[in-house]
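The values are calculated or read from the model by the stated rules, or taken from the named source; none is laboratory data. Note that the coordinates shown come from a computational prediction; the quantities given were computed from them, not determined experimentally. All Cβ positions, even for glycine, are placed from backbone atoms using ideal geometry, and neighbour counts span all protein chains on display. SASA here: full protein model, heavy atoms, side chains in, ligands and nucleic acids out. Shrake-Rupley method; radii C 1.70, N 1.55, O 1.52, S 1.80 Å.
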Amino acid sequence: GAVVSQHPSWVICKSGTSVKIECRSLDFQATTMFWYRQFPKQSLMLMATSNEGSKATYEQGVEKDKFLINHASLTLSTLTVTSAHPEDSSFYICSARTDSYEQYFGPGTRLTVT
Amino acid sequence: RKEVEQDPGPFNVPEGATVAFNCTYSNSASQSFFWYRQDCRKEPKLLMSVYSSGNEDGRFTAQLNRASQYISLLIRDSKLSDSATYLCVVNLGNQFYFGTGTSLTVIP
């Protein structure tokens with residue numbers, strides 16, 4: 001299957017700082033990528049749909065000014081958690097969609113805000 | 001009503017058993033269907049796409065029933081390594097809808 005990388009795999013930051021997470025499709029081009037968040041023992045929660053060259057579409061309840069998404073190329077989308085707080089601590093996972101509508105997930109980024 | 005409904009389980013089965021998971025979806029216009037596997041603290045991994053004609057990959061068989069709007073996954077001869085959460089995913093346009101996942105534990 002297709003490969004999606006995500007960086008960093010884990011990060012610890014202080015409250016009030018910003019954290020940038022990168023998601024890359026390594027062997028295919030993805031016009032659409034997705035950002036999810038998952039709390040322990042819970043389902044994946046879609047945060048936003050990232051479309052190359054246009055603004056991201058955010059799910060209800062997700063603050064677009066807090067979770068900045070940039071999809072500047074067909075292989076890279078970034079999620080920036082601005083002014084992070086402890087309640088933002090979570091497992092953030094990106095995915096990229098192929099032309100055949102299969103989704104491949106990155107390995108996730110575990111964010112801990114202290 | 002949720003777009004995708006899935007029995008969360010847990011399913012605890014002995015090694016060698018056959019286990020089946022079902023998933024129903026609400027929108028008849030849904031286009032593509034998938035089963036993913038997610039291990040604890042890991043990302044979901046695509047297990048198989050699901051087609052109306054049914055498809056098989058080794059011990060895994062997936063079926064799609066469009067008339068009844070359900071998807072199934074059958075695992076034969078369960079292995080300890082099959083223990084994971086299995087997610088059914090339905091695609092409609094640019095949207096993907098996830099089931100809550102079914103937890104499977106295969107017991108020695």
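Filtering the range B:13-55 down to residues that are among the small types (Gly, Ala, Ser) and in contact (Cβ under 8 Å) with a residue 60 or more places away in the chain, which residue is surrounded by the most Cβ atoms within 10 Å (Cβ to Cβ)? Looking at residues that are among the small types (Gly, Ala, Ser) and in contact (Cβ under 8 Å) with a residue 60 or more places away in the chain, I get B:30. Is one or more of the residues making up the range B:23-38 at pLDDT 95 or above, away from chain A (no Cβ under 14 Å) and not in a loop (DSSP other than H, G, I, E, B)? Yes, the range B:23-38 contains at least one residue that is at pLDDT 95 or above, away from chain A (no Cβ under 14 Å) and not in a loop (DSSP other than H, G, I, E, B). Every condition in (1) among the β-branched types (Val, Ile, Thr); (2) outside any loop (DSSP other than H, G, I, E, B); (3) surrounded by fewer than 21 Cβ atoms within 10 Å (Cβ to Cβ) holds for residue A:69 except the one numbered (3). Residues in the range B:79-94 that are over 14 Å from residue A:44 (Cα atoms) and facing chain A (nearest Cβ under 9 Å): B:91, B:94.
When the range B:84-108 is limited to residues that are free of Cβ contacts under 8 Å to residues at least 12 places away in the same chain and in a strand (DSSP E or B), the one that is least open to solvent (accessible area, probe 1.4 Å) turns out to be B:96. Of the residues contained in the range B:75-83, one or more are found to be part of a loop (DSSP other than H, G, I, E, B), among the small types (Gly, Ala, Ser), touching a Leu at 6+ places or on another chain (Cβ under 7 Å) and within 27 Å of residue A:37 (Cβ to Cβ).
Within the range A:25-35, take every residue that is surrounded by 24 or more Cβ atoms within 10 Å (Cβ to Cβ) and part of a strand (DSSP E or B) and give me the one that is nearest to the other protein chains (Cβ to nearest Cβ). Within the range A:25-35, the match that is nearest to the other protein chains (Cβ to nearest Cβ) is A:34.
Residue-level analysis places residue A:91 among those that are part of a strand (DSSP E or B) and either within 11 Å of the chain's Cα centre (by Cα) or in contact (Cβ under 8 Å) with a residue 40 or more places away in the chain (or both).
Taking the stated definitions as given, is residue B:71 in contact with a helix residue (DSSP H, G or I) (Cβ under 7 Å, 6 or more places away or on another chain) and either charged (D, E, K, R) or without any contact (Cβ under 8 Å) to a residue 60 or more places away in the chain (or both)? Quick ask: steps written out before the conclusion?
On the way: in contact with a helix residue (DSSP H, G or I) (Cβ under 7 Å, 6 or more places away or on another chain): no; either charged (D, E, K, R) or without any contact (Cβ under 8 Å) to a residue 60 or more places away in the chain (or both): yes.
It is false that residue B:71 is in contact with a helix residue (DSSP H, G or I) (Cβ under 7 Å, 6 or more places away or on another chain) and either charged (D, E, K, R) or without any contact (Cβ under 8 Å) to a residue 60 or more places away in the chain (or both).
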